[in-house]
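A.B. asks: Here you go, one structure.
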Amino acid sequence: MLAVFLNDRSLLLVSGAEAQSFLQNLITTDITSLGADEARPGALLTPQGKILFDFMIWQDGDGYMIETDAGQRDGLLKRLTMYKLRAAVTLATSTEEGVTVSWSEDAEGSQGVRDSQGVRDSRFAKAGVTLIRRPGKHGDGNEALYDALRISHGIVTSGSDFALQDAFPHDVLMDFNGGLSFRKGCYVGQEVVSRMQHRGTARRRVVTVSAATALPETGTEITAGGKPVGALGSVEGGSGLAIVRIDRAGAAMAAGTPLLAGETPVSLVLPAWSGLVFPTSGDEASA
């Protein structure tokens, strides 16, 4: 079983009598249905529906633990404090630094992995992999192994794969990975993402990118017939992630137009767990 310490992750604790209702009315995740040993993705959105902060969230005693990028922690804490007002909620940083992720090298075998001191990442569960997240340092595996696992299953991270305040939750597949609720009622940005859902207007989506040679660096533009369709995010050798316009990419593939990352020919695949397919013509982007 591999264990990798992510030292660029930080933790916030949200506790108090009104912790659940406070978060439920703010973030994209439906935390009322959150399992006791489950971590789900979530986001705090701008009023325009774009991701302002992204994180993982799970139950911690009577409260909640929020895991986010270390660079986002203080900003997120400040924003939550701004919304707190007179709510019976306590916001604090955790004494634990970093997060350890662990999983089996055999993806199928990993489904039997359990850790009483950790929580299961629902994003990987959608892809059939049991990955455990646990505060603190409990392993010394190479972080590149975790990045390779993320890339192979189409699981993005902000900073490497998308810029905050630039992406909608649909862009990063939060409508499929348990991080976005359309049933729990109002939260910041909810009207915009609900309209995207009901109108079926989401066209930017996460794809896995592969090439016969090493891919160029993160940020390299992906084009079809000289026209941009997206840009590379995380890259490990000949594999990577990107957020692309799947309508444009689908039309290019249907027409036999090569897709290029810089000058490198690439293939694009939508994560199987999403159920999405590349649309052609005016088709909807769904299975």
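A.B. asks: Tally the residues that are within 13 Å of the chain's Cα centre (by Cα), in a helix (DSSP H, G or I) and closer than 20 Å to R9 by Cα, restricting the search to the range 148-173.
C.D. replies: Counting residues in the range 148-173 that are within 13 Å of the chain's Cα centre (by Cα), in a helix (DSSP H, G or I) and closer than 20 Å to R9 by Cα gives 3.
A.B. asks: Inspect all residues belonging to the range 66-84 and state whether any of them is touching a strand residue (DSSP E or B) at 6+ places or on another chain (Cβ under 7 Å), in a strand (DSSP E or B), among the β-branched types (V, I, T) and in contact (Cβ under 8 Å) with a residue 12 or more places away in the chain.
C.D. replies: Yes, the range 66-84 contains a residue that is touching a strand residue (DSSP E or B) at 6+ places or on another chain (Cβ under 7 Å), in a strand (DSSP E or B), among the β-branched types (V, I, T) and in contact (Cβ under 8 Å) with a residue 12 or more places away in the chain.
A.B. asks: Look through the range 106-121, keep the residues that are at pLDDT 75 or above and touching a Leu at 6+ places or on another chain (Cβ under 9 Å), and return whichever of them is farthest from V207 (Cα to Cα).
C.D. replies: R120
A.B. asks: Condition test on L44, is it at pLDDT 95 or above, touching a Lys or Arg at 6+ places or on another chain (Cβ under 7 Å) and over 28 Å from H138 (Cα atoms)?
C.D. replies: yes
A.B. asks: Hey, which of the strands (runs of 3 or more DSSP E) in the range 197-287, taking only ones fully inside, have at least 3 residues that are without any contact (Cβ under 8 Å) to a residue 60 or more places away in the chain and more than 23 Å from the chain's Cα centre (by Cα)?
C.D. replies: By residue number, no strands (runs of 3 or more DSSP E) qualify.
A.B. asks: Can you pull out every residue in the range 235-247 that is farther than 20 Å from G275 by Cβ and open to solvent by 10 Å² or more (accessible area, probe 1.4 Å)?
C.D. replies: Matches in the range 235-247: V235, E236, G237, G238, S239.
A.B. asks: Moving to a separate point now. Would you check if R203 is touching a helix residue (DSSP H, G or I) at 6+ places or on another chain (Cβ under 6 Å) and open to solvent by 30 Å² or more (accessible area, probe 1.4 Å)?
C.D. replies: yes
A.B. asks: Got a number for residues in the range 165-187 being surrounded by 19 or more Cβ atoms within 10 Å (Cβ to Cβ), in contact (Cβ under 8 Å) with a residue 60 or more places away in the chain and touching a strand residue (DSSP E or B) at 6+ places or on another chain (Cβ under 9 Å)?
C.D. replies: Count: 12.
The values are calculated or read from the model by the stated rules, or taken from the named source; none is laboratory data. A quick note: this is a predicted structure, and the numbers were derived from the prediction, not measured. Glycine gets a Cβ as well: all are built from the backbone with ideal geometry, and neighbour counts include every protein chain shown. These area figures cover heavy atoms from the full protein model, side chains too; ligands, DNA and RNA do not enter into them. Shrake-Rupley method; radii C 1.70, N 1.55, O 1.52, S 1.80 Å.
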